[in-house]
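I have placed the structure first, in the form of structure tokens, so that the comments after it can refer back to it.
The values are calculated or read from the model by the stated rules, or taken from the named source; none is laboratory data. Note that the structure is predicted; figures quoted are calculated from it, not measured. Cβ placement follows ideal geometry from the backbone for every residue including glycine, while neighbour counts extend to all protein chains displayed. Calculation scope for accessible area: heavy atoms of the full protein, side chains included, ligands and nucleic acids excluded. Shrake-Rupley method; radii C 1.70, N 1.55, O 1.52, S 1.80 Å.
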Amino acid sequence: MSNEVKNYDDSQIQVLEGLEAVRKRPGMYIGTTSLRGLHHLVYEIVDNSIDEALAGECDCITVTIWPDNSVSVQDDGRGIPSGMNEKLGLPTLEVVYTVLHAGGKFGGDGYKIAGGLHGVGASVVNALSEWVEVENCRDGQRYTERFERGAVARPFKCEGSSEGRHGLYVRFKPDPTIFEETVFDYDTLLTRMREQSFLNAGVKIVLEDKREGLERCEVLHYEGGIISFVEYLNNEKRGTPIHPNVIYMKGERDGSIAEVAMQYNDSYNETIISFANNMATIEGGTHETGFKSALTKAINDYARKIGAIKGDDKGLSGDDVREGLVAIISVKLTDAQFESQTKAKLGNSEIRTLVDNIVSKKLEEYLEENPSAGKIIIEKAMAANRAREAARKARELTRRKNVLEVSTLPGKLADCNEREARLTELYLVEGDSAGGSAKNCRDSRFQAILPLRGKVLNVEKSRLDKVYSNTSLIPIIQALGCGIGDDFDIEKLRYGKIVIMADADVDGSHIRVLLLTFFFRHMKELIEQGHIYLAQPPLYKVHKGKALRYAFSDEERDMYIEELGGRGVESERYKGLGEMDPEQLWDTTMNPETRTLLKVTVEDAVKCDEIFSVLMGDMVEPRREFITQNAKFVENLDI
Ligand code: 28F
């Protein structure tokens, strides 16, 4: 401990207390200290550059991930004013990076509209970083400063000429004592940077990864703004557009701005992504409700006008008019109110009216001026309506108790004795032979078996009525007992764990991904609540004489060959579950004491939505594997 007495003046004390508060309760400032919070640090810094771009002062923002997992952000804006902050007696740059909420450019005519978490600003990033290096080029001069865990480590200094460069360069390394994980995910940053370039038409963002073996670079630059966003989502093979142009609507009132871009494609899913001040509002809110009510009314009015719906026919539902729709809603307002703790649901009621008025007026105009597109859109909604009606009838059939049986449990189901759902497991087993082995070896007290029959339907390309009439999905729906879609009620779920057990080959992967698509599209809460698992059968049997080992990877196989003494050791690749006798199947894959189950989680629903709609939309054999690697699995040693 140095014996010099540091005499802090009160402004420095205020600074240190502020940053200490951030380090003590980081969750208060960036939501979480998980991977999501780690990436928020980047968003906060980039948001300040985007504000500079929105002020028309910056053309290019470069985000770089370095080998040490530090990140730098460079803009070519004006740079932070190089003078002193009179009140605090500190350089403006230092104030922006050490005083909470000091960096935002609030007030005046510009909004702080790019606030990641409402513009907590650079000082929070600084407090939560092991170190931050800042280089500020302003009025031909280059200034630098270094911070460590928020405190000044190398004082503000003018290094001389900026050689004609201007703008701010910030490189920071998140503090590993704060963040559980400190390895940045390129795709996460890419998704967000792409979003920001769509939401801020014309802003160019360069993302580069300089980590060993991960070198790559992407330039994100869309003059078309959210129109390009819709085109991108449709080009992502979510489906083929069914009318030529993206419908674009914009309006403002009392200083708030609302923009909507929408286009229908030939898929059966709806993709509506909404933003408030450039932040994704994943729980929706008043802008989305305004949009949905105006859309349903405008489509029904037009359907009646062209005679597609007559007299007292029932109208089209919200689901009908949104089938196949890709829409982006972006609102910018100064006093955004959020309803939920996660700040993901917009609450301003005036915004509902604003969006409703804009969409009602502009969509009616579009349909009037584009009758051929209007007719296509109406026909799709009518077809959706007919299919929904058919599904309702089919659903009644699966619900209705069969007079001969007390309940409609499937015949192939070997149920378990335990009735308390959370203690039980249902194995969905590929093929009758594996199903037979599983029935023989299971612990019938708490393990139920349902052999899968026939080809599991690709629900991505099918409407609900097809799901209700698919012979391989009906038994699953009946065995689980909790219904699907609007009918889904997790309280009625009959098992705690649903384990997909299929061969470790391409066909098994295909079945896995078809079932995951079905669960994701029609029983998503099962995944969100952590009920869905993948069984992990062994890949290899390694043996020498009586000694026998099961290997779950090539590395493990080699290890066992080594362990059993290279000569005379044999190893066979299991082709499928059917090759194991019941005892082996029990020991390796079903016995809770010795098995490993992979719990399927939906780390990022939007990402999984993209994966399922892109790859399930137009399946290509070799890419089936891609999905089973990408729906995020968290290895869960089942105890
Ligand atoms: C890599 C991250 O943070 N860029 C920034 C500016 C520009 C100005 C500014 C920033 C403090 C309170 C005024 C310059 N000239 N990139 C960035 N670029 N902050 S942060 O001003 C903040 C001052 O208000 C700037 C004229 N006006 C504003």
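Observations
- Peptides 311-322, 281-292 ranked from most to least packed give 281-292, 311-322, packing being the mean of other C-beta atoms within 10 angstrom over each peptide's residues.
- Segment 10-74, accessible area per residue, ligands and nucleic acids excluded (1.4 Å, Å²): 40
- In this Cβ point-charge picture (+1 for Lys and Arg, -1 for Asp and Glu), the chain has a dipole of about 1940 debye about its Cα centre.
- Positive-end ranking of TYR169, ILE205, GLY37 along the dipole of the chain, with charges on Cβ about the Cα centre, is headed by GLY37.
- Reachable aspartates and glutamates from LYS157, criterion Cα separation under 15 angstrom, eight or more residues apart if same chain: GLU94, GLU133, GLU135, ASP139, GLU145
- Three-way shape call for the chain based on the alpha-carbon gyration tensor, with the a/c threshold at 1.5: oblate
- HIS221 sits with roughly 80 Å² accessible to a 1.4 Å probe, with DNA, RNA and ligands left out of the calculation.
- Using the Stokes-Einstein relation with a Kirkwood hydrodynamic radius computed over Cα pairs, the translational diffusion coefficient of segment 23-92 at 25 °C and a viscosity of 0.890 mPa s comes to 173 µm²/s.
- Backbone phi angles across segment 121-136, fed through the Karplus curve with coefficients 6.51, -1.76 and 1.60 (θ = phi - 60°), yield HN-Hα couplings of x, 5, 5, 5, 4, 4, 4, 9, 10, 4, 8, 9, 10, 10, 10, 10 Hz in residue order; Gly and Pro are listed as x.
- Beyond 25 Å in Cα-Cα separation lie the following of the pairs LYS24/LYS173; LYS292/LYS314; LYS24/LYS524; LYS492/LYS524; LYS361/LYS466: LYS24/LYS524; LYS361/LYS466.
- Cα centroid separation, segment 131-183 to segment 20-73 (Å): 13
- q = 0.09, 0.13, 0.16 Å⁻¹, segment 479-604: log10 I(q)/I(0) [Debye, one scatterer per Cα]: -0.34, -0.63, -0.84
- Sites matching GluC sites (Glu not before Pro) across segment 133-165 that sit in DSSP coil, with at most 10 neighbouring C-beta atoms within 10 Å: GLU163
- The peptide list 206-217, 52-63, 364-375, put in order of mean Cβ contacts within 10 Å with the highest first, becomes 52-63, 364-375, 206-217.
- Loop GluC sites (Glu not before Pro), segment 312-358 (other Cβ atoms within 10 Å of the site Cβ: 16 or fewer; DSSP): GLU339
- Pairwise centroid distance, computed over Cα atoms, of segment 214-232 with segment 426-463, Å: 43
- Rounded, prolate or oblate (a/c below 1.5 giving rounded, otherwise prolate when a/b exceeds b/c) for segment 324-479 by Cα gyration tensor: prolate
- Separation between Cα centres of segment 470-547 and segment 348-376, rounded to whole Å: 42
- Sulfur and carbon atoms: percent of accessible area, the chain [1.4 Å]: 50
- Computed packing ranks the peptides 486-492, 382-388, 190-196, 327-333 as 327-333, 190-196, 382-388, 486-492, most packed first, by mean other Cβ atoms within 10 Å.
- Proximity of backbone amide H atoms, modeled 1.01 Å from N, is registered between LYS204 and ILE61 at under 5 Å, excluding neighbours fewer than 5 places apart on the same chain.
- 5 angstrom amide H check on TYR143, placed H, neighbours 5+ away: ASN136, CYS137, ARG138, GLU159
- Segment 206-287: Rg to Rh, with Rh as the Kirkwood radius over Cα pairs: 1.05
- 0 to 90° range, to nearest 10: angle between helix 10-24 axis and the chain longest Cα axis: 10
- Rolling a 1.4 Å probe over the heavy atoms of the protein chains gives segment 444-597 an accessible area of 43 Å² per residue.
- Around THR471: net Lys/Arg minus Asp/Glu count, Cβ-Cβ under 11 Å: +3
- Formal net charge of residues neighbouring VAL321 (Cβ-Cβ distance under 10 Å; K, R +1; D, E -1): 0
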